1. Could you check how many residues of segment 64-87 are under 21 Å from S46 (Cβ atoms) and among the β-branched types (V, I, T)?
2. Taking the criterion of being outside any loop (DSSP other than H, G, I, E, B) and either closer than 25 Å to R79 by Cβ or in the same structural domain as T55 (by TED's automatic domain parsing) (or both), would at least one residue in segment 141-149 satisfy it?
3. With the checklist (1) in contact (Cβ under 8 Å) with a residue 60 or more places away in the chain; (2) exposed (fewer than 15 other Cβ atoms within 10 Å of the Cβ) in hand, flag the one item T107 doesn't pass.
4. Name the one entry in Q69, Q37 that is modelled with pLDDT under 50 and closer than 25 Å to G163 by Cα.
5. Could you list, in sequence order, the residues of segment 132-173 that are β-branched (V, I, T) and without any contact (Cβ under 8 Å) to a residue 24 or more places away in the chain?
6. Can you find, within segment 183-206, the residue that is nearest to A50 (Cα to Cα) among those that are touching a helix residue (DSSP H, G or I) at 6+ places or on another chain (Cβ under 9 Å) and surrounded by 15 or more Cβ atoms within 10 Å (Cβ to Cβ)?
7. If you go through segment 80-104, how many residues are surrounded by 17 or more Cβ atoms within 10 Å (Cβ to Cβ), in contact with a Gly (Cβ under 8 Å, 6 or more places away or on another chain) and either hydroxyl-bearing (S, T, Y) or not in a strand (DSSP E or B) (or both)?
8. Keeping to segment 123-140, report how many residues are in a strand (DSSP E or B) and either more than 23 Å from L180 (Cβ to Cβ) or not assigned by TED's automatic domain parsing to the domain that holds Q201 (or both).
Amino acid sequence: MGDDRQTLRAHRARTAHRAGAILARALAGVALCGALQGAAQAFELSGEKALVALTKDGQRTRIGSVFFQPSGAGAAGFRVQMDRAVMQDHFLSMREFKCLPAAQEITCFVAYPYPHPGTVTASDVGWLEHNLLFFFKQPADFGAKLWNGIIFRFTQTPSGLVGRPQAVDLNLIGVPPDNLNEPPYGPFQRDDFPAGARWVQELRIE
């Protein structure tokens, strides 16, 4: 009988030890998750940031800058400026565009044409996405291919904002939207490109 009691006590001790170890690992996982979330929020929407295009050939090209001005309550105003030494002038469809040239595909910047709030927060960068619109065309094509529009969907990382290209029809903004305070390209006006379809694979703000 005494041996049975000792065995039961030893079993309970081992069970408690295992439970304690499992709890410690779980708490460590929660702490790590919190640390990673904190790191993801470390990128500050403040000051001048580089606007970098990552292309299919593995190159990183700084095509411009984004200037952020904090305005309180976690919001910031912003301004986009293309690098004229990198983004070359192309006269297409009676208009001048700043374009990133490449033998496979030319990517041209389209400035958003209407007044807008011009602010972002860590959780809402919709207006920033709308101020980084592009279209793509083949080098031999003539004219602006506005139906071949690109908008970049940004997500936050510890080092900056990473944008993945999505397809939009830029003819949609040929006339002013009904509500100038609401970004016109919502989730139903966008489509994901197949992987590797575009020459500019990512657009980063860092």
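The values are calculated or read from the model by the stated rules, or taken from the named source; none is laboratory data. From a predicted model like this one, the values you see are computed outputs, not experimental measurements. Neighbour counts are summed over all protein chains in view; Cβ atoms, including those assigned to glycine, are modelled from backbone coordinates with ideal geometry.
1. 2
2. Yes - at least one qualifying residue is present in segment 141-149.
3. Every listed condition holds for T107 apart from (2).
4. Testing whether each residue is modelled with pLDDT under 50 and closer than 25 Å to G163 by Cα leaves just Q37.
5. Selection gives T155 alone.
6. If we take residues in segment 183-206 being touching a helix residue (DSSP H, G or I) at 6+ places or on another chain (Cβ under 9 Å) and surrounded by 15 or more Cβ atoms within 10 Å (Cβ to Cβ), then I205 is nearest to A50 (Cα to Cα).
7. So the answer is 1.
8. Total meeting the criteria: 2.
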